[in-house]
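Each remark here refers to the structure printed beneath this line.
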Amino acid sequence: PLGRDIDNDGDNDAAAIFNNIAGGNGWDYGYSVYVDSNGKVYVTGYSSNGSNDDMYVIRLNSDGSMDNTFGTNGKVVVNNIAGGNNWDSGISIYVDSNGKVYVTGASSNSSNNDMYVIRLNSDGSMDNTFGTNGKVVVNNIAGGNWDSGYSIYVDSNGKVYVTGYSWNGSNEDMYVIEIE
């Protein structure tokens, strides 16, 4: 616990605060959180590595400590998802009943942003049975080369649904796509 009442409801509140997730001593943003049936807390966002931003997933135990059985000391940091080695952001996260972790967001491919979905195994390693080397990258959904995933859901049959926006050449369109 922080030992202080953040929300002014009369009790002490608990919080976990992280910085330098990608090692760059810069920006650290959390965009989405998911709590599984075992009380594990998953967070995705982006963090500066010193020269650009990387997507990350951290997994916390129910007491707020890092779950060191996931990734490297409780975190997975991924860069260069779309091949541009510039900017990667995790915007939405979902964990299925098998412990597979799905993240969608946007990744720079050097000239624009692509929507992506990555799938991690329950230990934080990339699930190379999904897409190409654990990722699906989609560009040009509406015809104009700027795409981002904003929300993700996986149904009981393993179908992945993503919604977000895509630039059509003159404005942004909302999309919903299904990935199997």
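Of note:
- Condition check for SER108: of a type outside the set (D, E, K, R) and within 15 Å of the chain's Cα centre (by Cα): yes
- Of GLY71, GLY90, all but one fail to be at pLDDT 95 or above and out of contact with any strand residue (DSSP E or B) (no Cβ under 6 Å at 6 or more places or on another chain); the exception is GLY71.
- Evaluated against (1) touching a residue at least 24 places away in the same chain (Cβ under 8 Å); (2) in a strand (DSSP E or B), GLY30 falls short on exactly one condition, (1).
- GLY134 under 16 Å from the mean Cα position of the chain (by Cα), crowded, with 17+ Cβ neighbours inside 10 Å and free of Cβ contacts under 8 Å to residues at least 24 places away in the same chain: yes
- Segment 74-129, residues that are crowded, with 22+ Cβ neighbours inside 10 Å and part of a loop (DSSP other than H, G, I, E, B): ILE81, ALA82
- Residues that are assigned to a strand (DSSP E or B) and open to solvent by 40 Å² or more (accessible area, probe 1.4 Å), drawn from segment 33-59: VAL33, TYR34, VAL35
Matching residues to (1) within 16 Å of the chain's Cα centre (by Cα); (2) among the β-branched types (Val, Ile, Thr):
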{"site": "THR44", "(1), (2)": "yes, yes"}
{"site": "SER48", "(1), (2)": "yes, no"}
{"site": "ASP53", "(1), (2)": "yes, no"}
{"site": "TYR56", "(1), (2)": "yes, no"}
{"site": "ASP67", "(1), (2)": "no, no"}
{"site": "GLY74", "(1), (2)": "yes, no"}
{"site": "ALA82", "(1), (2)": "yes, no"}
{"site": "ASP88", "(1), (2)": "yes, no"}
{"site": "SER92", "(1), (2)": "yes, no"}
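The values are calculated or read from the model by the stated rules, or taken from the named source; none is laboratory data. Nothing here was measured: the structure is a model prediction, and the numbers come from that model. With ideal geometry, Cβ positions are generated from the backbone for all residues, glycine too; neighbour counts draw on all protein chains shown. Just so you know, the surface numbers come from the protein's heavy atoms only, side chains and all, with ligands and any DNA or RNA stripped out. Shrake-Rupley method; radii C 1.70, N 1.55, O 1.52, S 1.80 Å.
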